[in-house]
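The next block holds one structure in the form of structure tokens; read it before the comments.
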Amino acid sequence: MSEPEMCPIWRLLVLLSLLSLPSVLHRQGLAKAHVDSKPALARIIAQGLMKHNAEGRIQSIRIMDSLNASGQMASGMVGWLIGSVSLQQQQESSANVTNIQLDYGGIRMSFHKEWFSANISLEFDIDLRLPFDNKIVKTHTCMNLVVEFRLEKDEFGRRDLVMGSCRVEPSSIYMTVLTEDISPKIKRFLHNFRENLVKVTPHLVESQVCPLIGEILGQLDVKLLKSLMEQAVAHKFNQL
């Protein structure tokens, strides 16, 4: 992304997309009370995530496959199941992501010179089907994803947009079991399983959302991006 001259058509398309976003958010019931006061970059990110169906991508993550591939299942699940259920029953267990709530209207932005970050909060449930009696245990998960960007000059003095870190803040992860009436034996298993989920799930979310944000902002002209950053910094300064 270098800084070529912007054409009038591109400026018009960006303006129209920004003007249309608040009404789109309102129709989906996700807008906050003061969405119009949000920096334009936050609205662009929100619109892009909706357009690219970020929630659907998160819902499609395969948690069990990742747990098995990473070896996280050994101490938590397989060890507990050995001697209790058959191999066929073990293979029938599943963990599905449901009820995703990505807070589009609550995206928080931070700006400093030619650097900025976006903080995106999301919540979802994980329905765990245990390999006996088709019992389903529901857990609720909350986390904040923080992605950083900066404008860097190349050897010719042209600015490029570069993505920095994009990760779930470890301190923001909160997971709780919603299902009641669980036996002590299952509670012990769920304790280990939840610890393993905390290790694996953030990386799965990052793998789906981070590339989308990079693609969304990568489509912006660098001059427009710098202008939006300057406007946000000026707006914050005027509020002090």
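Could you list, in sequence order, the residues of region 50-79 that are open to solvent by less than 50 Å² (accessible area, probe 1.4 Å), modelled with pLDDT under 95, of a type in the set (A, V, I, L, M, F, W, C) and assigned to a helix (DSSP H, G or I)? Listed by number, the residues that qualify are I63, M64, L67, M73, M77. Summed over region 143-182, the residues that are more than 24 Å from the chain's Cα centre (by Cα) and open to solvent by 50 Å² or more (accessible area, probe 1.4 Å) give a count of 7. Test each condition in (1) assigned to a helix (DSSP H, G or I); (2) open to solvent by less than 60 Å² (accessible area, probe 1.4 Å); (3) under 30 Å from T139 (Cα atoms); (4) among the polar types (S, T, N, Q) for S227 and report the one that comes out false. With respect to (1) assigned to a helix (DSSP H, G or I); (2) open to solvent by less than 60 Å² (accessible area, probe 1.4 Å); (3) under 30 Å from T139 (Cα atoms); (4) among the polar types (S, T, N, Q), S227 is out only on (3).
Taken together, M163, M143 contain a single residue that is aliphatic (A, V, I, L, M), in contact (Cβ under 8 Å) with a residue 60 or more places away in the chain and touching a strand residue (DSSP E or B) at 6+ places or on another chain (Cβ under 6 Å), which is M143. Return a yes/no flag: does region 211-219 have any residue that is surrounded by 14 or more Cβ atoms within 10 Å (Cβ to Cβ), within 19 Å of I107 (Cα to Cα) and without any contact (Cβ under 8 Å) to a residue 24 or more places away in the chain. Yes, the conditions are met somewhere in region 211-219.
The values are calculated or read from the model by the stated rules, or taken from the named source; none is laboratory data. Quick caveat, the model's predicted, so the values are computed rather than measured. Using ideal geometry, Cβ is built from the backbone for each residue, glycine included, and neighbour counts are taken over all protein chains shown. The accessibility values were calculated without ligands, DNA or RNA, using every heavy atom of the protein model including side chains. Shrake-Rupley method; radii C 1.70, N 1.55, O 1.52, S 1.80 Å.
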